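**Q** Take a look at this one; I'll ask things after.
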Amino acid sequence: MKSVTFKQFLNTLDITEEWMYFDYKYLHQWFDGDTELFKEVSWKQFGFADKGPTDTTVWVGSSGAHTPAHQDTYGVNIVAQVHGKKRWILFPPDTAGMKPTRVPYEESSVYSELNFYCPNNLNVFNGLSGAHVVELSAGDALLVPRGWWHYVQNMDPLNITLNVWLPHEKDASARVSEALIKILVAQICKDLPHETAKLLVNPNEDDIADTPLAVLFLQLETVSNLYMDSKRKTRRMKRQKTCEGDPTPSDSEDCDVSAILENSANKLEVPQSISTVDLINLINDNIKKYANTNKSFDEDEVDGATANLCLTKAVIDAFSQSNVIELVKQNMLSRLS
């Protein structure tokens, strides 16, 4: 990590081969509430007047800066490109061959083992289908549905993006699953050497092994109670609708995005789908441009860096698999209700 001014960052764009990323930073933590930027940010145009700068994150990066392929377990994502061009490669939630993993662990992120940036082996992408590709330019916006896989990469020398996550009706359930997984990973990391544990978690989760078990269980209790309360509320609403003569009561998302989808003025279009061959060619072009040939890799920068932790990783992934954690969650909740 480096601490530089924005001007210093701009001055390095043409003289360094390393990519830099100021990513996932909430505006209210970095900008004064009286600044013009803070006051101007609003998601009203998308139909969410209650979403503003305190809900907004900013992403500033150079060419090649990227976010590994992953799924977000919470919410719906709206991304607004402010400056530069950013490439998104997206896959439907149930796409086969994405090789989901919880290592490195990060709450609410399910990573893919596939390296879309500069892989050592392109053969792993053979047979991978369903990719959609879109390159956002300044003024474009992208709606990412819940659970969609996405790999994101900056294409221009300077890229600035804003985004907001909209809560989804399934978030309450997902938070219980995430709390259970967090307890598992934390307990595994507690008994490992610090340098080994670091390979299992993202840097923003480095303190997970130091979190007291009592705190983790308090978090689990809190989200479990909220989930059960929401279920009871939903059941009451369904009974009420049935009594009022509505034979098909339905749940609704916390933030209804139907207005965005139905408004022709938004000029919405589905990102272009590409073939497996075209996807491999796209990644191969990336390798030619960004592959590291001049310096040695750090231990955690190599594909398969956690190979020496294969059993530990296998245990985490086996317990975190969606059908397994769902069964654990339902068994736990049935005993609490």
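**Q** Against the condition assigned by TED's automatic domain parsing to the domain that holds GLY52, within 18 Å of SER177 (Cβ to Cβ) and assigned to a strand (DSSP E or B), how does GLN81 come out, does it pass?
**A** no
**Q** Further question on the same structure: From LYS51, LYS39, which residue is part of a helix (DSSP H, G or I) and not acidic (Asp, Glu)?
**A** Numbers: LYS51 fails: part of a helix (DSSP H, G or I).
From the options LYS51, LYS39, the qualifying one is LYS39.
The rows are residues; the columns are (1) more than 20 Å from ASN204 (Cβ to Cβ); (2) modelled with pLDDT of 95 or more.
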position	(1), (2)
LEU114	yes, yes
TYR117	no, yes
ASN120	yes, no
VAL124	yes, no
VAL134	yes, yes
ALA138	yes, yes
LEU142	yes, yes
VAL152	no, yes
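**Q** Within segment 1-25, which residues are of a type in the set (Ser, Thr, Tyr) and either part of a helix (DSSP H, G or I) or exposed (fewer than 14 other Cβ atoms within 10 Å of the Cβ) (or both)?
**A** SER3, THR5, THR12, THR16, TYR24
**Q** Identify all residues within segment 58-78 that are within 12 Å of PHE22 (Cα to Cα) and touching a Phe, Trp or Tyr at 6+ places or on another chain (Cβ under 6 Å); write none if there are none. Walk me through how you get there before you give the answer.
**A** Going through segment 58-78, the residues within 12 Å of PHE22 (Cα to Cα) turn out to be 58-62, 65-67.
If the condition is that a residue be within 12 Å of PHE22 (Cα to Cα) and touching a Phe, Trp or Tyr at 6+ places or on another chain (Cβ under 6 Å), then VAL60, GLY61, SER62, ALA65, HIS66 are the ones that fit.
**Q** Can you confirm whether segment 180-199 contains a residue that is in contact (Cβ under 8 Å) with a residue 12 or more places away in the chain, surrounded by 17 or more Cβ atoms within 10 Å (Cβ to Cβ) and within 28 Å of GLY52 (Cα to Cα)?
**A** Looking through segment 180-199, none of the residues is in contact (Cβ under 8 Å) with a residue 12 or more places away in the chain, surrounded by 17 or more Cβ atoms within 10 Å (Cβ to Cβ) and within 28 Å of GLY52 (Cα to Cα).
**Q** Then there is this: Based on this model, can you work out whether LEU166 counts as under 24 Å from ASN202 (Cα atoms), touching a Cys at 6+ places or on another chain (Cβ under 6 Å) and crowded, with 17+ Cβ neighbours inside 10 Å?
**A** Spelling it out, LEU166 is indeed under 24 Å from ASN202 (Cα atoms), touching a Cys at 6+ places or on another chain (Cβ under 6 Å) and crowded, with 17+ Cβ neighbours inside 10 Å.
**Q** Assigned to a helix (DSSP H, G or I), basic (Lys, Arg) and either on the phi > 0 side of the Ramachandran plot or modelled with pLDDT of 80 or more (or both): does that describe ARG239?
**A** no
**Q** While we're on this one: Identify, please: which residue in segment 26-36 is part of a helix (DSSP H, G or I) and of a type outside the set (S, T, N, Q) and is, among those, surrounded by the most Cβ atoms within 10 Å (Cβ to Cβ)?
**A** Step by step, filter segment 26-36, then rank; the result is LEU27.
**Q** If you go through segment 315-337 one residue at a time, do you hit one that is at pLDDT 90 or above, assigned by TED's automatic domain parsing to the domain that holds LYS231, of a type in the set (Ser, Thr, Tyr) and under 23 Å from the mean Cα position of the chain (by Cα)?
**A** yes
**Q** Looking only at residues that are of a type in the set (S, T, N, Q) and surrounded by 21 or more Cβ atoms within 10 Å (Cβ to Cβ) in segment 72-111, which one is farthest from the chain's Cα centre (by Cα)?
**A** Checked segment 72-111; the qualifying residue farthest from the chain's Cα centre (by Cα) is GLN81.
The values are calculated or read from the model by the stated rules, or taken from the named source; none is laboratory data. The model shown is predicted, which means the values in this text are computed figures rather than measured ones. FYI the Cβ positions are ideal-geometry reconstructions off the backbone, even for glycines, and counts take in every protein chain you see.
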